[in-house]
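The structure under discussion appears below in the form of structure tokens.
The values are calculated or read from the model by the stated rules, or taken from the named source; none is laboratory data. Since the structure is predicted, the reported quantities are computational estimates derived from the model, not experimental observations. Virtual Cβ from ideal backbone geometry, glycine too; neighbours counted across all protein chains shown.
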């Protein structure tokens, strides 16, 4: 049998010992590990890659050369790597000649982790590949090879398909204002930038939504073991058109998990103040695009204190002047600005 591979770097799978044979061997005490044996089609060695994104939780890499040499744990795996893909799912890659990762590494799907070999209880170079589903959360303190804590899944269905992994998102909104919402989300597995939706809510109902990505780096996330640390977001929001008042803010992860605040502020709230367009009202502009007419192109950006010249709004823009004494006086318009920029 051959098929497209998620564990071989350059070739298709050729299964040399199927799952059923491993099950039969275990029943008659000719083996104990349930998986499949694979070579590169046809009968060739290859580099081994991580089936899916995850974290390396076990490595044995001191054996070399021929078969029949047990590792210090008394296992028959030879050099091997175990990668955790969720709280309860991991994959195992055995009989490796070379190992290119270490315990604690975060790996991407398709990343090279070793080279096929003949170490341990092996008859010829091949990859022994397992998929395990634990009944308890996989943690450093549990015995990874305690069969009472897991069951083997038939890897045949997964060698060219995704694992049965449920991604559970966690995270917090750390700060929120009428301009930006910041925080982090992570599904415990992937290190890619995740899509996130920021919601402004009133009475529990969304008033306005903003899409963004959680892909910014934060050293505290890295230090806390949140993958590569690139799981933070800082989403700019536009509250123009929303009535003044106090609003709740939350974030929605790709799987629908709702992310809120934490600690003393589990529900994040922001205050939206009404923007005054009354003639003479004062506004502090910070690097805001300005225009020479109600429909012209931008003539640059301005920062400073300015005043509404006239409350007439055309094409979403309003006239401004740089002194309160010049409001409404002919020839004293400094520029036009978008009302939403005030």
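Flag not set for residue 115, criterion: touching a helix residue (DSSP H, G or I) at 6+ places or on another chain (Cβ under 9 Å), in the same structural domain as residue 75 (by TED's automatic domain parsing) and not in a loop (DSSP other than H, G, I, E, B).
Quick check on residue 288: is it in contact with a strand residue (DSSP E or B) (Cβ under 9 Å, 6 or more places away or on another chain), under 24 Å from residue 208 (Cα atoms) and outside any strand (DSSP E or B)? Before you say what the answer is, go through the steps one by one.
Values: in contact with a strand residue (DSSP E or B) (Cβ under 9 Å, 6 or more places away or on another chain): yes; under 24 Å from residue 208 (Cα atoms): yes; outside any strand (DSSP E or B): no.
It is false that residue 288 is in contact with a strand residue (DSSP E or B) (Cβ under 9 Å, 6 or more places away or on another chain), under 24 Å from residue 208 (Cα atoms) and outside any strand (DSSP E or B).
Only residues that are surrounded by fewer than 23 Cβ atoms within 10 Å (Cβ to Cβ) and over 15 Å from residue 122 (Cα atoms) were counted in segment 53-81, giving 11.
State whether one or more residues within segment 165-176 are surrounded by fewer than 20 Cβ atoms within 10 Å (Cβ to Cβ), under 30 Å from residue 37 (Cα atoms) and over 14 Å from the mean Cα position of the chain (by Cα). Full working, then the answer.
Here is the first cut: in segment 165-176, the residues surrounded by fewer than 20 Cβ atoms within 10 Å (Cβ to Cβ) are 165-168, 170, 172, 174-175.
Right, trim to under 30 Å from residue 37 (Cα atoms) and you get 165-167.
When the remaining residues are screened for being over 14 Å from the mean Cα position of the chain (by Cα), the result is 165.
Checked against the condition, which is being surrounded by fewer than 20 Cβ atoms within 10 Å (Cβ to Cβ), under 30 Å from residue 37 (Cα atoms) and over 14 Å from the mean Cα position of the chain (by Cα), segment 165-176 yields at least one hit.
For segment 195-235, the set of residues classified as in contact with a strand residue (DSSP E or B) (Cβ under 6 Å, 6 or more places away or on another chain), surrounded by fewer than 16 Cβ atoms within 10 Å (Cβ to Cβ) and not in a strand (DSSP E or B) consists of 228 only.
Look through segment 236-274, keep the residues that are outside any loop (DSSP other than H, G, I, E, B) and under 16 Å from the mean Cα position of the chain (by Cα), and return whichever of them is surrounded by the fewest Cβ atoms within 10 Å (Cβ to Cβ).
If we filter segment 236-274 for residues that are outside any loop (DSSP other than H, G, I, E, B), which is where we start, we get 236, 245-252, 258-259, 262, 265, 268-272.
Checking the rest, the ones that are also under 16 Å from the mean Cα position of the chain (by Cα) come to 251-252, 258-259.
Values: 251: 28, 252: 19, 258: 11, 259: 23.
Applying the filter and picking the extreme gives 258.
Restricted to segment 299-316, and to residues there that are touching a helix residue (DSSP H, G or I) at 6+ places or on another chain (Cβ under 7 Å) and part of a strand (DSSP E or B), the residue that is modelled with the lowest pLDDT is 313.
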